[in-house]
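> This is the structure, below, for whatever I ask next.
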Amino acid sequence: MRVLPHGRRAWVSAAAGAALVLAAWLVVVLWPDASYPAMKGGCDRSELFVAGGTDVSLKNQRRALIRQWNEGRYPDGRPHPHATMVEVSESTDLQHSQIKAVEESGGCAYDVLIMDNTWTAQFADAGYLRPLDGIDDLDDFFPAALRTGEWDGEQYAVPFNVDVGLLYYREGVTPPAAWPGLLTAGIAMQLADYEGLTVNALEAVWNDGGAGRLTGADRPGEDDLRTKVYPALARLAPRVHGPLAASRQYGESQSIEAFASGTGLMRNWPYAFSALASEPRMRDGARLRFGVTALPGRTVLGGQNLAVSKHSPNPDDAADLVEFLSGTGSQRLLFSCGGFAPGRYSALGLSPGRHSPADVKVRACSSLTGQVPGPGEVELPDEEQLTQLGRAVVTALGRAAPRPVTPHYSTFTGTFRGCVQKIFDRAGTDAESFARAVERSLDGRTASC
């Protein structure tokens, strides 16, 4: 893989000065270790730095992939340039703010960015990313996931892992077959004040007759926001004061803990499967005390993409690392060993085109790594359990839709979340103010309910 050369410019003294100022700020605010090479302000380096969120995969499989890269070589025998993972924050909101600050300042601290797939439009439009060229097997990526890396006719990012909303159910609990059944069942959702609230609220809107509203590039007008989206959220509000009350304190990890502690149902991402499989309360030997299926309705297409920073001093090596991390072998390892749903058909044993969830074929982690469980240990999740997860992911992908595509997504999600909370709190906002605020936010104009 190579990055397109247009937009490349030489570093001049002004840029170097800006990098030094940024370096000092990063040491104080973001990076506690001043020995981190990029913090010294110099861009003359061969080492690659990969910036992203905290690795929540089982046994830190993202870090394992970086180690594999570091041990590998190019076909001509040259060793790969050393790469280091920089885990910025567990919070998606903080990841966005901190990585944006680095890119906005023109600093060379990062080479490869692990980005939430909603960031592409903003980062590409602002000139933070280099377009990618020569990507292998584009048809092997799930089309909807690949499109989240496009902007203005260019491919700026490729999927690292996909996320879709899944429904987890405890042993003995029958998962509801329709969306309304979830809202009366005391399900653990993610309704705390962070990006999870936007995701869960959008899913509630889409599954309450608001299909096609606030998704992708289809922008609703004020009338749709007033007559379709606001009423769906207003109908959800009584549930938030009833069976969903506890979920207002939950992010992903709190939901997992609530589920492990006895809640019968949970909406969460695919990575929760492996986290639960390794939880003693959720298994009986090799048998899991829970199952997983697709949500009964539409779900948000989440996930992380890989991109090359516009200010990387080593863009071609960075693009090679993106190709490695997004390749089939890496995607298989992330899924079977780490629980992250892959962005490629081949990682689930599928071919592009016609297929069904029943066609999913996966391998257990030990068969990929050669590291078999020790005496008395069992491999969790095993191949059968991973197959159940893979089938749920493929089913959910068929029902998944992206969040609004806009360079002003951060303004939108902050405004939308604030309005949703006021609706939940019955704090006096009405349909007119909601519609006006959300419509303005899609253009990047500040507003509130």
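The values are calculated or read from the model by the stated rules, or taken from the named source; none is laboratory data. Predicted, not measured: the structure shown is a model, and the values here were computed from it. Glycine gets a Cβ as well: all are built from the backbone with ideal geometry, and neighbour counts include every protein chain shown. What goes into the accessible areas is simple: the full protein's heavy atoms, side chains included, and nothing from ligands, DNA or RNA. Shrake-Rupley method; radii C 1.70, N 1.55, O 1.52, S 1.80 Å.
> Among the residues of the stretch 172-206, write down those that are assigned to a loop (DSSP other than H, G, I, E, B), over 21 Å from the mean Cα position of the chain (by Cα) and on the phi < 0 side of the Ramachandran plot.
If we filter the stretch 172-206 for residues that are assigned to a loop (DSSP other than H, G, I, E, B), which is where we start, we get 172-178, 184-187, 189-194.
Keeping just the survivors that are over 21 Å from the mean Cα position of the chain (by Cα) gives 172-178, 184-187.
Result: Val173, Thr174, Pro175, Pro176, Ala177, Ala178, Thr184, Ala185, Ile187.
> Do we find a residue being at pLDDT 95 or above and of a type in the set (D, E, K, R) anywhere in the stretch 22-35? Give the steps one after another, and end with the answer.
Filtering the stretch 22-35 for residues at pLDDT 95 or above gives none.
No, that holds for no residue.
> Further, regarding this structure: What helices (runs of 4 or more DSSP H), lying completely within the stretch 349-449, carry at least 1 residues that are among the charged types (D, E, K, R)?
Of the helices (runs of 4 or more DSSP H) lying wholly inside the stretch 349-449, those with at least 1 residues that are among the charged types (D, E, K, R) span 383-397, 409-425, 431-441.
> Specify the residue that is most open to solvent (accessible area, probe 1.4 Å); the eligible residues are those in the stretch 336-345 that are assigned to a loop (DSSP other than H, G, I, E, B) and farther than 16 Å from Lys59 by Cβ. Before you say what the answer is, go through the steps one by one.
At the first step, the residues of the stretch 336-345 found to be assigned to a loop (DSSP other than H, G, I, E, B) are 339-340, 342-343, 345.
Keeping just the survivors that are farther than 16 Å from Lys59 by Cβ gives 342-343, 345.
Values: Pro342: 2, Gly343: 0, Tyr345: 23 Å².
Filtering first and then ranking leaves Tyr345.
Condition check ((1) open to solvent by 50 Å² or more (accessible area, probe 1.4 Å); (2) small (Gly, Ala, Ser); (3) in contact with a strand residue (DSSP E or B) (Cβ under 8 Å, 6 or more places away or on another chain); (4) over 26 Å from Gly338 (Cβ atoms)) across all residues:
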residue: Ile114; (1), (2), (3), (4): no, no, yes, no
residue: Phe123; (1), (2), (3), (4): no, no, yes, no
residue: Asp133; (1), (2), (3), (4): yes, no, yes, yes
residue: Arg147; (1), (2), (3), (4): yes, no, no, no
residue: Gln155; (1), (2), (3), (4): no, no, yes, no
residue: Thr174; (1), (2), (3), (4): yes, no, no, yes
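> So for the stretch 346-358 (the condition being open to solvent by less than 20 Å² (accessible area, probe 1.4 Å) and small (Gly, Ala, Ser)), does at least one residue qualify? Working first, answer last.
So in the stretch 346-358, the residues open to solvent by less than 20 Å² (accessible area, probe 1.4 Å) come out as 347-348, 350.
Subset that is small (Gly, Ala, Ser): 347.
Yes: the stretch 346-358 contains one or more residues that are open to solvent by less than 20 Å² (accessible area, probe 1.4 Å) and small (Gly, Ala, Ser).
Let's see how each residue does on (1) of a type in the set (A, V, I, L, M, F, W, C); (2) modelled with pLDDT under 95:
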{"residue": "Gly106", "(1), (2)": "no, yes"}
{"residue": "Thr118", "(1), (2)": "no, no"}
{"residue": "Thr184", "(1), (2)": "no, yes"}
{"residue": "Ala188", "(1), (2)": "yes, no"}
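> Right, another one. Regarding Arg45, is this residue basic (Lys, Arg), out of contact with any Pro (no Cβ under 8 Å at 6 or more places or on another chain) and either buried (at least 23 other Cβ atoms within 10 Å of the Cβ) or at negative phi (or both)? Outline the logic, then answer.
Numbers: basic (Lys, Arg): yes; out of contact with any Pro (no Cβ under 8 Å at 6 or more places or on another chain): no; either buried (at least 23 other Cβ atoms within 10 Å of the Cβ) or at negative phi (or both): yes.
Considered against the rule, which asks whether it is basic (Lys, Arg), out of contact with any Pro (no Cβ under 8 Å at 6 or more places or on another chain) and either buried (at least 23 other Cβ atoms within 10 Å of the Cβ) or at negative phi (or both), Arg45 comes out as no.
> From the residues in the stretch 384-406 that are open to solvent by 60 Å² or more (accessible area, probe 1.4 Å) and in contact with a helix residue (DSSP H, G or I) (Cβ under 8 Å, 6 or more places away or on another chain), which one is nearest to Asp140 (Cα to Cα)?
Going through the qualifying residues, I end up with Arg391.
> Keeping to the stretch 176-207, report how many residues are charged (D, E, K, R) and open to solvent by 10 Å² or more (accessible area, probe 1.4 Å).
Of the residues in the stretch 176-207, 2 are charged (D, E, K, R) and open to solvent by 10 Å² or more (accessible area, probe 1.4 Å).
> A further question follows. Restricting the search to the stretch 359-379, which residues are surrounded by fewer than 14 Cβ atoms within 10 Å (Cβ to Cβ) and either under 14 Å from Val393 (Cβ atoms) or not assigned by the TED database to the domain that holds Asp137 (or both)?
Lys361
> Further question: Does the stretch 427-434 include one or more residues that are under 26 Å from the mean Cα position of the chain (by Cα), crowded, with 21+ Cβ neighbours inside 10 Å and in contact (Cβ under 8 Å) with a residue 12 or more places away in the chain? So that I can check it myself, show each step before the final result.
Residues of the stretch 427-434 that are under 26 Å from the mean Cα position of the chain (by Cα), as a first pass: none.
No: the stretch 427-434 contains no residue that is under 26 Å from the mean Cα position of the chain (by Cα), crowded, with 21+ Cβ neighbours inside 10 Å and in contact (Cβ under 8 Å) with a residue 12 or more places away in the chain.
> To continue, here is another question. Could you list, in sequence order, the residues of the stretch 90-109 that are part of a loop (DSSP other than H, G, I, E, B) and surrounded by fewer than 24 Cβ atoms within 10 Å (Cβ to Cβ)? Break it down stepwise before answering.
Filtering the stretch 90-109 down to residues part of a loop (DSSP other than H, G, I, E, B) leaves 90-91, 105-109.
Hits for the stretch 90-109 are Glu90, Ser91, Ser105, Gly106.
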